[in-house]
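Input: a single structure, listed below in structure tokens.
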Amino acid sequence: MPQATLTRRHPVARWSAVAVLLAGCLTGCASSAAQEISAPPPKPLAPCAWWYGIGKPPTSAEIESAAHRYQVVVLNADQGAAMRRLRQLNPRVQVLVYKDLSSTRNYPGAVDGGQDAVYLPSGIGYVDAQEHHPDWFAVDVNGRRIEWQGYPKHWQMTVWNPDYQQAWTDAVVAEVKREGWDGVLADNDFNSLSHYSSAVLAGTANVAETDRKLRDGLDAFLSKAGDALTKANKVLVPNVSETHLMPGRWTAHSRFGGAMEENFGFREGGGTGGLLTFRGNEFQELRAQAALGESMLLLVTRTHNEREERAGYASAALLAGPRTCWTRATTDDYRNPEWSALQDSGLGEAVDAASRLSNGVWSRTFTHGWIAVNTTAATQTVTPPPGLIIPGAPTLTQTPTSSSPPPSPTPTSTPSPSTSTSASPTSTSTPAPPPLTLAAADAAILVDPPQVMSRAWRISRDEFRVGTLWAR
């Protein structure tokens, strides 16, 4: 996130702080108000940027750029030199190492010359497991090892086995401490094996039992690894999948430093429905975590067009908090350090909580802008605050998703025929903006215009926002 966004101030932020203190005083908490002043809570800033840099070794230029762009970076285990360079350039960047929870691998780079690589993408090497612990390879009901479909030479491991869990934990914690990583991005904390294989695990009767065995195993695995990393003053951030299907799973699996959602803002129905993130209990759990600001939310939206990009960024902004980070993904293999122009839009700091209208549209107001997300599978309308523009637009205008015409120029009142034109100066007023029409699973992002506005206009805007804040 641009540094200017992190430090920008706005009158409504001061008003909101006053509102909090007044509310505390009204309930008889005068002493707690002083504590709030001395130790204010972290600010709910617009989403920071992060880099899931596992697709290829980063170049020197990419590392230089990353140090200024991103607050969190994930790198492969063999990129320790890049991690240390990032730290030199920006000591505040948090750098995690990629490790897979559920597989071991024997493709070139993971195994070379018949030996496990020194730095592994997993916790346990294929050769080591093959020679000393062949029972750690999961097998199906026919006794065959399970190779992931679409990912050759990725082999499912017995994540429910306490010995495997302990060996993975010991190896990864030792490596993280030795190399100096801030923690671990633990991939494939999945909900179902069906994404990788149709196999039924030995000892289970069907796919449902297979998935339950894996989930239960990963629950215990995360507790063991998370406790060990916490004791080492490191974080564990799992890539936890399909939490909309399992209430409480995101909350439980993010308790060691955060969690990653790789399909954030994903559209249902093969790209024809609403936004999957808002189904079930997932959004409520993400929202609670974001508000606390104690752990990371690493959000990825796969984008093929501007609508997906808008919906992903705006949905992340609904979760704006001290440690909410978002990135788009334009490739399946994460080969590119991603950046969206929306991350330069300068929304600033959230001044109210995200709220949901009866038609399913969510919105949130910021010190320098406003966002709305239509989470449904139908077209909806919403009315924005006055005086905002599309990021990058030179003049006041409506969002491209609106079917309404742009607002007219500010009208000037004219005197009636019976009034002398010299009796009083003309007055100006800002018309109410027309409603925005948002297509299914689309969003609107509006910000302050770049030019310096008159004091009267700023007061009008602030009164609108403070009124909205108090109303909630």
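The values are calculated or read from the model by the stated rules, or taken from the named source; none is laboratory data. Bear in mind the structure is a predicted one, so any value in this text is a computation, not a measurement. Positions of Cβ are generated from backbone atoms using ideal geometry, with glycine treated the same way; all protein chains shown enter the neighbour counts. Only protein heavy atoms, including side chains, enter the accessible area calculation; ligands, DNA and RNA are left aside. Shrake-Rupley method; radii C 1.70, N 1.55, O 1.52, S 1.80 Å.
Out of T158, T104, T204, report the one residue that is in contact with a helix residue (DSSP H, G or I) (Cβ under 9 Å, 6 or more places away or on another chain), under 21 Å from E262 (Cα atoms) and at pLDDT 95 or above.
Numbers: T158 fails: under 21 Å from E262 (Cα atoms); T204 fails: under 21 Å from E262 (Cα atoms).
Every option except T104 fails the conditions.
With the condition kept exactly as written, say whether any residue in the stretch 114-135 is closer than 30 Å to C48 by Cβ and in a strand (DSSP E or B).
Yes, the stretch 114-135 contains at least one residue that is closer than 30 Å to C48 by Cβ and in a strand (DSSP E or B).
Kindly provide the set of residues from the stretch 79-89 that are polar (S, T, N, Q) and surrounded by 19 or more Cβ atoms within 10 Å (Cβ to Cβ), ordered by number.
Restricting attention to the stretch 79-89, the residues satisfying the condition of being polar (S, T, N, Q) are 79, 88.
Within the stretch 79-89, just Q79 meets the criteria.
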Subset of the stretch 248-262 (residues that are charged (D, E, K, R) and part of a helix (DSSP H, G or I)):
R249
Residue list for the stretch 224-256, filter: among the acidic types (D, E) and either touching a residue at least 40 places away in the same chain (Cβ under 8 Å) or buried (at least 21 other Cβ atoms within 10 Å of the Cβ) (or both)
E242
Applying the selection to the stretch 58-81, what residues are closer than 16 Å to G183 by Cβ, touching a helix residue (DSSP H, G or I) at 6+ places or on another chain (Cβ under 8 Å) and among the hydrophobic types (A, V, I, L, M, F, W, C)?
V73, L75, A77
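Out of S103, S60, which single residue is open to solvent by 50 Å² or more (accessible area, probe 1.4 Å) and of a type in the set (G, A, S)?
Values: S103 fails: open to solvent by 50 Å² or more (accessible area, probe 1.4 Å).
Checking each option against the conditions leaves just S60.
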Yes or no: the stretch 178-191 includes at least one residue that is farther than 23 Å from L75 by Cα and under 27 Å from the mean Cα position of the chain (by Cα).
yes
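For the stretch 272-386, which strands (runs of 3 or more DSSP E) that fit wholly inside it have 1 or more residues that are within 28 Å of P58 (Cβ to Cβ) and open to solvent by 40 Å² or more (accessible area, probe 1.4 Å)?
Values: elements: 296-302, 324-329, 361-366, 369-374, 380-382.
Fully inside the stretch 272-386 and qualifying: 296-302, 324-329.
Strands (runs of 3 or more DSSP E) wholly in the stretch 137-247 with at least 1 residues that are of a type in the set (A, V, I, L, M) and under 13 Å from S102 (Cα atoms) - which ones? Step through it out loud before you land on a result.
Values: elements: 154-156, 183-189, 235-240.
The strands (runs of 3 or more DSSP E) meeting that bar are 183-189, 235-240.
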Can you pull out every residue in the stretch 170-212 that is of a type outside the set (G, A, S), closer than 22 Å to M83 by Cβ and either free of Cβ contacts under 8 Å to residues at least 60 places away in the same chain or loosely packed, with under 13 Cβ neighbours inside 10 Å (or both)?
D170, K177, R178
